[in-house]
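Below: the structure, in structure tokens.
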């Protein structure tokens, strides 16, 4: 993200960067969801042990009148330690609540259409904040993943409820939640607390166990000098999976608990406690099932997780060319019965072939609809494409010059240069002409595109780093 700090950002891009830092910041020490977990795994057990030790000491001297003063001191220390533990737990919950509220603000609209557009905007902005396989991209991708996954989980859950794909007692109570898109305030508030929030938390906390000291030792080595993104040996990988499972579930069940009820209405308090207890149990089941796949419930977060492991991969062989493979992997797993077929289909229809923020190159047409002997650049900006291979894009060049007033256009499969057959059409233009076009748009093409001369995609990071280019989702008046 450092390259972008040279240029000022739009208010929206600043909000997104702020949200990323609330979840997984570049630098520690400012408080965040991931730091909270790291602190919990490192410090809470020590504090809990101190409480137990003090209780043991107290039990030995209780009733001894001569040692009454010491007993009172011990009781006070126990009380202080317990209060500190509770304070820290409530602070973790508050941060998660603040983060989920912010995510909902940024990706939910007043109606279905607005919600899809806002979600596409958030996903696209996240993708456009990374320049792909250069520098410390793996660390940046690791920070972007939880938020990207959370947005996809919300949108997939909406489709799941519409199609009643998974039989689940808790989920079935929220079949009516789509009425929030028709101005139903009751359902908007109910959905946010009872479904939106646990879905977001499941996506954010799905791998939170990796913040435990034992998992960090496997990833970074005893002295913290190993590359955590390296390919792990089989035994290490299995050990890491076990640790992640154990500590993630422990964090959700013991590290969070229920928020405090404020007020003095007993009936209201009972309702509040029951609502949060049920939502907490749903969150636990959701994450547990994403690990062990018993009921299929966990696939709401598992499918976005598989997808994001491709589009925001942390592997050294990451390439922008392979981004559409996220879609293909979900499709293949569903064919082999590795995923719920209907839910996989719902997901594919949601994201299409090309992820938000993907740089498309295509052949434009003239007024008569004839293909021109040139290519232009566009950026994918829309979810739910009618045809998965034909994304809704914002056109960002005209006659090979960058523009910020381009139209929104569905790019047909027959003119999208990602598909090899279409690249062949332009080969007739000749090497010199193609080299000239590429030099006009230099800096935004991946190296192997120069060899092909007709690039199958382009890299929009530099384009997006200018504030005037950051509102790709606004329709031109």
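The values are calculated or read from the model by the stated rules, or taken from the named source; none is laboratory data. These numbers come from a predicted model, not from an experiment. A quick note on method: Cβ atoms are made from the backbone with ideal geometry, for glycine too, and the neighbour counts reach across all protein chains shown.
So residue 403 ticks every box in (1) closer than 23 Å to residue 470 by Cα; (2) in contact (Cβ under 8 Å) with a residue 12 or more places away in the chain; (3) surrounded by fewer than 20 Cβ atoms within 10 Å (Cβ to Cβ) but one. Which box is left unticked?
Failed condition: (2).
With respect to the numbered conditions (1) touching a strand residue (DSSP E or B) at 6+ places or on another chain (Cβ under 8 Å); (2) more than 15 Å from residue 457 (Cβ to Cβ), which one is the sole condition not fulfilled by residue 300?
Of everything listed in (1) touching a strand residue (DSSP E or B) at 6+ places or on another chain (Cβ under 8 Å); (2) more than 15 Å from residue 457 (Cβ to Cβ), residue 300 misses just condition (1).
Might you let me know whether the range 228-239 holds any residue that is touching a helix residue (DSSP H, G or I) at 6+ places or on another chain (Cβ under 8 Å), part of a helix (DSSP H, G or I) and surrounded by 20 or more Cβ atoms within 10 Å (Cβ to Cβ)?
No: the range 228-239 contains no residue that is touching a helix residue (DSSP H, G or I) at 6+ places or on another chain (Cβ under 8 Å), part of a helix (DSSP H, G or I) and surrounded by 20 or more Cβ atoms within 10 Å (Cβ to Cβ).
Go over the candidates 326, 298 one by one and state the one that is closer than 22 Å to residue 390 by Cα and either outside the structural domain of residue 135 (by TED's automatic domain parsing) or in contact with a helix residue (DSSP H, G or I) (Cβ under 6 Å, 6 or more places away or on another chain) (or both).
That would be 326, the only listed residue that is closer than 22 Å to residue 390 by Cα and either outside the structural domain of residue 135 (by TED's automatic domain parsing) or in contact with a helix residue (DSSP H, G or I) (Cβ under 6 Å, 6 or more places away or on another chain) (or both).
Hey, residue 102 hits all of (1) touching a helix residue (DSSP H, G or I) at 6+ places or on another chain (Cβ under 7 Å); (2) within 22 Å of residue 464 (Cβ to Cβ); (3) crowded, with 19+ Cβ neighbours inside 10 Å; (4) outside the structural domain of residue 175 (by TED's automatic domain parsing) but one; which does it fall short on?
(3)
Please specify each residue of the range 332-353 satisfying the condition of being buried (at least 19 other Cβ atoms within 10 Å of the Cβ) and assigned to a loop (DSSP other than H, G, I, E, B).
If the condition is that a residue be buried (at least 19 other Cβ atoms within 10 Å of the Cβ) and assigned to a loop (DSSP other than H, G, I, E, B), then 339, 340, 352, 353 are the ones that fit.
Among 288, 277, which is the only one that is in a helix (DSSP H, G or I) and surrounded by 14 or more Cβ atoms within 10 Å (Cβ to Cβ)?
It is 288.
Please enumerate the residues belonging to the range 46-76 that are in contact with a helix residue (DSSP H, G or I) (Cβ under 8 Å, 6 or more places away or on another chain) and free of Cβ contacts under 8 Å to residues at least 24 places away in the same chain. Full working, then the answer.
Pass one, the range 46-76, residues in contact with a helix residue (DSSP H, G or I) (Cβ under 8 Å, 6 or more places away or on another chain): 47-48, 50-51, 54-55, 57-58, 61-62, 64, 67, 70-71, 74-75.
Hits for the range 46-76 are 55, 57, 58, 61, 62, 64, 67, 70, 71, 74, 75.
All but one of (1) modelled with pLDDT of 70 or more; (2) touching a strand residue (DSSP E or B) at 6+ places or on another chain (Cβ under 9 Å); (3) assigned to a helix (DSSP H, G or I); (4) buried (at least 19 other Cβ atoms within 10 Å of the Cβ) hold for residue 418, so report the exception by its number.
Exception for residue 418: condition (3).
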